[in-house]
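Quick note: the coordinates plus some simple rules give every number you see, no bench work behind them. None of these values were measured; they are calculated from a predicted model. FYI the Cβ positions are ideal-geometry reconstructions off the backbone, even for glycines, and counts take in every protein chain you see.
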Amino acid sequence: MGGEFALDESSRNGNVMPNLSVRAEEMEGARILVTGGAGFIGSHLVDHLVARNEVTVIDDLSTGTLRNLGRARGRVHVKKVSVLETDTLATAMKGQQIVYHLAAKTSVPESVAKPEAYWRNNVEGTVRVLRAAADASVRRVVFVSSAAVYGDSPEMPKVESMRPDPKSPYAVTKMVGEFACEEIRGMTGMETVVVRLFNAYGPRQDPSAPYSGVMAKFCAAVAANRPLEIYGDGDQTRDFLFVADIAEGLELAGVKSVNGATLNLGSGEAITVNDVVRNLSEIVGRPIRAVREPERPGDIRHSRADVSKAKEKLGFTARTTVREGLKKTLEDARKRAAHAS
Ligand SMILES: NC(=O)c1ccc[n+]([C@@H]2O[C@H](COP(=O)([O-])OP(=O)(O)OC[C@H]3O[C@@H](n4cnc5c(N)ncnc54)[C@H](O)[C@@H]3O)[C@@H](O)[C@H]2O)c1
């Protein structure tokens, strides 16, 4: 799988640096723009790329924070603006080779309450990013979509060829974003890649939002010595992917020959919420208190990615076990709890 990175046939050649050296597994010396780069996942992607590339972040800091860029700050160019601001976007896009578009509002229940705000931020925002990228002759845009586009059909695992079945305004914005990628690729020849992320977890994930990731919530509760809240019987499953693995997968989606592809990024394994609690008990070496709450309406019962396409096309497989990932997430939650007190 080694060798130099080759442009896909459809690439335009206006923006290729002569001495750009990008290996098939790693980017090096590339100019990369990350929208939403001060957020949970975006900041890990920046950490991953910044040592070997020139990275610019666009983030309106609506949910992200500059603290997330603590380790990378000073080495990245940060623009505190919304992707809806076309002029700044156009300036930031100049000379970029690869764009990762992660900026989005991400709460499913909030999207139900404020569908128009979600449409504007996520759909309009994505269209503007794609348009600005094409105008600046960016080589490739990697759009971070979500497993939410699959909805809650019982078929498992979720394969990319399944018909999208979005069940919330948030999921609809991601689905439309995917179509917008397809459209601009056809119209302009700019490369686009869609990555459907399953459940992300890891350090820096905000545990405070009502529907934020269960791993972040559980680790924050353990760090604060509070009981965990389990909704329903705890046998619901999720496909969890540790955030450092996501950063690796996204890097691959930026360099491999996958123009036009839609790819699941997950672990391929279904873990129950009860398994998560068991793992946490073993990590802390004692039983963990949990309270049972009624099942939440609208919660998806099971979710698992078919990861064969990402494996075949990107050479990606999740490396971090749930045990290792939870340990790191708990360490981070403990540091935050100590800092807050
Ligand atoms: N966390 C998950 O499990 C998960 C799963 C599937 C998909 N995703 C997608 O991954 C991406 C990153 O999610 P995250 O979990 O890191 O959430 P996050 O809220 O931490 O990150 C989103 C970032 O985008 C920024 N942002 C929002 N609107 C913006 C705008 N108009 N202009 C500029 N910046 C803006 C926010 O300030 C934040 O820094 C999102 O697109 C999300 O939909 C996340």
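A few remarks follow.
- The alpha carbons of region 235-332 give a radius of gyration and a Dmax of 15.9, 48 Å, in that order.
- Neighbourhood net charge (14 Å Cβ-Cβ; Lys/Arg +1, Asp/Glu -1) for Ser281: +3
- In straight-distance terms, cross-link reach from Lys158 covers every one of the aspartates and glutamates whose alpha-carbon lies under 15 Å from its own, apart from those fewer than eight places away in the same chain; here that gives Asp239, Glu269, Asp306.
- Potential extension, Ala337-Ala90 segment - 0.36 nm per residue separation minus Cα distance: 84.9 nm
- Nearest-ten-degree value, helix 243-255 long axis tilted from longest Cα axis of the chain: 20
- Per the Kirkwood formula applied to alpha carbons, region 107-166 shows a radius of gyration over Rh ratio, Rg over Rh, of 1.06.
- Nearest 10 degrees, 0 to 90: helix 322-340 Cα axis against the chain principal axis: 80
- At most 16 other Cβ within 10 Å, DSSP loop - trypsin sites (Lys or Arg not before Pro), region 54-134: Arg71, Arg75, Lys80, Lys94
- The chain: angle of helix 214-223 to the longest principal axis, Cα-based, in degrees nearest 10: 50
- Its Cα gyration tensor gives the chain an equivalent ellipsoid, and the semi-axes of that ellipsoid, as √(5λ) in whole Å with the largest first, are 33, 21, 20.
- Each part gets one Cα centre, and for region 134-153 versus region 290-316 those centres are 19 Å apart.
- Helical runs assigned H by DSSP (4 residues or longer) give the chain a calculated mean residue ellipticity at 222 nm of -10500 deg cm²/dmol, each run adding -39500 (n - 2.57) before division by the residue total.
- For Lys80, the lysines whose Cα comes closer than 20 Å to its Cα, not counting residues fewer than 8 places off in the same chain, are Lys94, Lys105.
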